[in-house]
1. Enter the per residue convex hull volume of the chain, computed from alpha-carbon coordinates, in Å³ rounded to the nearest integer.
2. What is the order of His65, His125, fewest Cβ neighbours within 10 Å to most?
3. Taking the alpha-carbon centroid of each part, what is the distance from the range 78-131 to the range 266-310 in angstrom?
4. If amide hydrogens are placed 1.01 Å from N in the peptide plane, which non-local residues have theirs closer than 5 Å to the one on Lys229?
5. What dipole magnitude, in Debye to the nearest 20, does the range 268-313 give about its Cα centre under +1 on Lys/Arg Cβ and -1 on Asp/Glu Cβ?
6. Which one, Gly228, Pro68, Val136, is farthest towards the positive end of the dipole of the chain when Lys and Arg carry +1 and Asp and Glu -1 on their Cβ?
7. Show the residues, 5+ positions off or on another chain, whose built amide H is closer than 5 Å to the amide H of Leu205.
8. Can you list the HN-Hα couplings for the range 132-144, worked out from phi with the Karplus curve (6.51, -1.76, 1.60; θ = phi - 60°), rounded to whole Hz and with x for Gly and Pro?
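Laboratory data are not the source of any read-out in this text; all were calculated from the coordinates shown. Note that the structure is predicted; figures quoted are calculated from it, not measured. Every residue, glycine among them, receives a Cβ derived from its backbone with ideal geometry; neighbour counts consider all protein chains shown.
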Amino acid sequence: MGPKGYVMPRAYKEQAESIYNLPIRPSDIYVASYQRAGTTLTQELVWLLANDCDFETALAVPITHRYPFLEIFMFYIEWKKERLANIHQVEESKRENLIKAMEVMTQPVLEKLASMPSPRFIKTHLPMCCLNPTIVDTAKVVYVARDPRDIAVSAYHHARLFTVFDFGGTFKEFWHLFTNNRFPMTPYLEHVKEAWNLRHHPNMLFLFYEELTKDLKASINRVADFLGKQVTEEQMARLCDHLSFENFKKNKSVNYEGLRDYGLMTPRKDEVFIRRGKAGGWRDYFDEEMTQQADKWIEDNLKDTDLRFPTTK
Ligand code: A3P
């Protein structure tokens, strides 16, 4: 799709125009990213700062309810048709939950957004060119990016975790799909460059996962400044604790574990949403040949920009 050739699930076409023309409110806050860049961590941080550190609500209300996911339908429309056609193959006791999940994943997000009170918090993995072009002039956008090698490893596990992807190949095969732009929303580096090019706009905050996790306090201060919020010392300590990887893993409002009972995630417990939480884990997955090929791929794709990841400088 478009001049960058983004790969989109077929169903995207059905709502592409409505998404592009979605009326933006000045109080909207978008958290945008390529998947697995640290979106959930960024969403929780933004939401807490914007809501005066209301930890009680954050712990009680799942992040999926606080942040409609703009284009979630596009992954699930075809899946729903296929699952419904083969529903007799699903164990009877699991059918009701699966049908409920189908309804939720394909519900009209745009209608929900229209009736939502302000301020709205919205999650998207769409590249900036798919969103209303007035978005940064009107609302606030926080974009988070991550080293492409860690994105690929994390996205590979995510594609094994979520039954809608049901990826059964090796990591090497996945890396091939990712770098040859055969995976949804690739080319990844074009996705990041679009947001990078807007990073000086006062309504755009561009973050790196590597910086977020290396110095969470500094990142909290950056996001607070961007949102015009003050953070007390006590709030800062509680934010760091709440956003820590260990606590995130246990936190049902952000760890997506609830989806397992609905047949949306594999029953195999070796795959989880809040998985490893480290920068540089890709080294365990790349052989020498892949490492060299990745270096060249990154270099070639960053030739036309001053974008550099903290880990690729
Ligand atoms: P890994 O698979 O490398 O562990 P997204 O929310 O965009 O899907 O990103 C998910 C990635 O962010 C996963 O990366 C996940 O473990 C990591 N992550 C989520 N919460 C985190 C936290 N509180 N601290 C550090 N990393 C976190």
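1. 136 Å³
2. Values: His65 9, His125 21.
In order of increasing Cβ crowding within 10 Å: His65, His125.
3. Answer, in whole Å: 29.
4. When sequence neighbours closer than 5 places are left aside, there are no close amide H contacts.
5. Details: 10 positive and 11 negative charges, 86 e Å.
For this selection, approximately 420 debye.
6. So the residue furthest toward the plus end is Pro68.
7. Val141, Val142, Tyr143
8. Once θ is set to phi - 60°, the couplings for the range 132-144 become 3, x, 8, 4, 6, 6, 10, 10, 9, 10, 10, 10, 10 Hz.
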